[in-house]
Amino acid sequence: MNALSANVSFASRWRMRNRRTNRRAARTKSSRRGWSLMLVFPLLIGAVLFAPAGWFAVTGYIRQHPYFALKDIVAEVEAPLAQEEILAWSGLRVGVNVWTVDPEQIATRLLAYPGVRAAQVRREFPQRVYLHVSARRPVAVIVQKPLTYLDGEGVWFPVHEQGQEFDLPYLTGLTELALEAPIAHTALVGVLPLLSLTKLWPESLSEIHWDPQQGYTLFLTHRRLTIRLGWETAPEKFAQVGKVLAQWPADGPPALVDARFVNQVIVRPYTDERSQNVPTPIRPL
């Protein structure tokens with residue numbers, strides 16, 4: 001064997017050795033990869049199975065930690081609602097964990113309180129809850145037991161004993177009726193446009209009396225006039241009564257303004273329970 005053939009044989013053996021080494025390395029890497037996959041799957045399964053329990057333990061710890069104990073309840077409450085009553089109705093109390101406060105649930109509870117129109121509840125971590133409560137705006141007082149407000153949306157609610165007093169017209173004639181009854185509902189629905197249209201008059205209302213047979217009868221605040229509208233609440237009719245009020249003297253005698261007829265208003269001075277004047281004949285205007 002010459003030197004050249006010996007070198008070729010050595011190189012050949014070296015390449016074969018490298019191939020065997022590479023195969024062993026490849027088998028080792030493949031084996032390691034297989035073992036890694038075998039380890040990853042149990043870990044993933046364990047994470048899926050035990051993560052909820054771990055998260056529950058963490059949240060339970062947070063919900064009991066004194067760092068999140070409620071210290072401040074900031075309440076903005078519109079009149080005539082009383083702040084103390086709203087706070088009591090909310091169920092919030094100092095010391096509860098802020099994480100346990102459900103803003104949506106408390107807002108729903110506040111909306112059930114008579115006279116509340118809107119409620120917003122917000123948690124301010126770590127130790128504060130903020131309340132903003134809007135009140136319904138009453139437009140009339142329904143003479144009931146207990147005394148009841150009617151707001152501009154047709155919603156009625158009891159008057160709070162310590163609430164703010166409003167200078168509003170009284171709605172009478174419903175004392176013996178349940179306000180949930182259909183007949184009372186019909187009467188209340190008609191009051192809203194009536195109140196809106198009487199703002200065009202130069203005189204404010206003192207009382208609205210409703211009768212199931214007679215309809216609406218109005219009493220003014222400063223004039224001794226009784227205005228019978230019946231069931232008529234059209235704008236044209238209120239415009240006709242407004243013309244009569246503009247002609248009738250402010251210090252005139254008590255009179256009945258009958259606006260139940262088509263295209264005419266009849267004024268009849270008369271004696272009612274509020275005056276001792278002698279009645280006079282009918283005089284149309």
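Sequentially through the range 175-192, phi angles give Karplus couplings (6.51, -1.76, 1.60; θ = phi - 60°) of 4, 8, 10, 7, 5, 6, 5, x, 5, 5, 4, 4, 5, 5, 4, x, 5, 4 Hz, Gly and Pro residues having no value and appearing as x.
Take the alpha carbon atoms of the range 78-144, find their center, do the same for the range 186-207, and report the distance between the two centers in whole angstrom. After rounding, the separation between the Cα centres reads 31 Å. Listed by chain and number, the aspartates and glutamates placed with their C-alpha closer than 20 angstrom to that of Lys145 are Glu161, Glu165, Asp167, Glu176, Glu180, Glu207, Asp211; residues fewer than eight positions away on the same chain are left out. Candidate cross-link partners of Lys243 among the aspartates and glutamates, defined by an alpha-carbon separation under 20 Å and a same-chain spacing of 8 or more, comprise Glu203, Glu232, Asp251, Asp258. Give me the percent relative contact order of the range 67-135, please, defined on Cα pairs under 8 angstrom at least 6 residues apart. Reported as a whole number, the value is 45 percent.
Spin-label model, Arg122/Val262: points 7 Å from Cα along the beta carbon direction are separated by 5.9 nm.
Every number in this text was worked out from the coordinates using simple rules, so none of it is lab data. Owing to the predicted nature of the structure, the values given are computational and were not obtained by experimental measurement. Note that each Cβ is placed from the backbone with ideal geometry, even for glycine, and that neighbours are counted across all protein chains shown.
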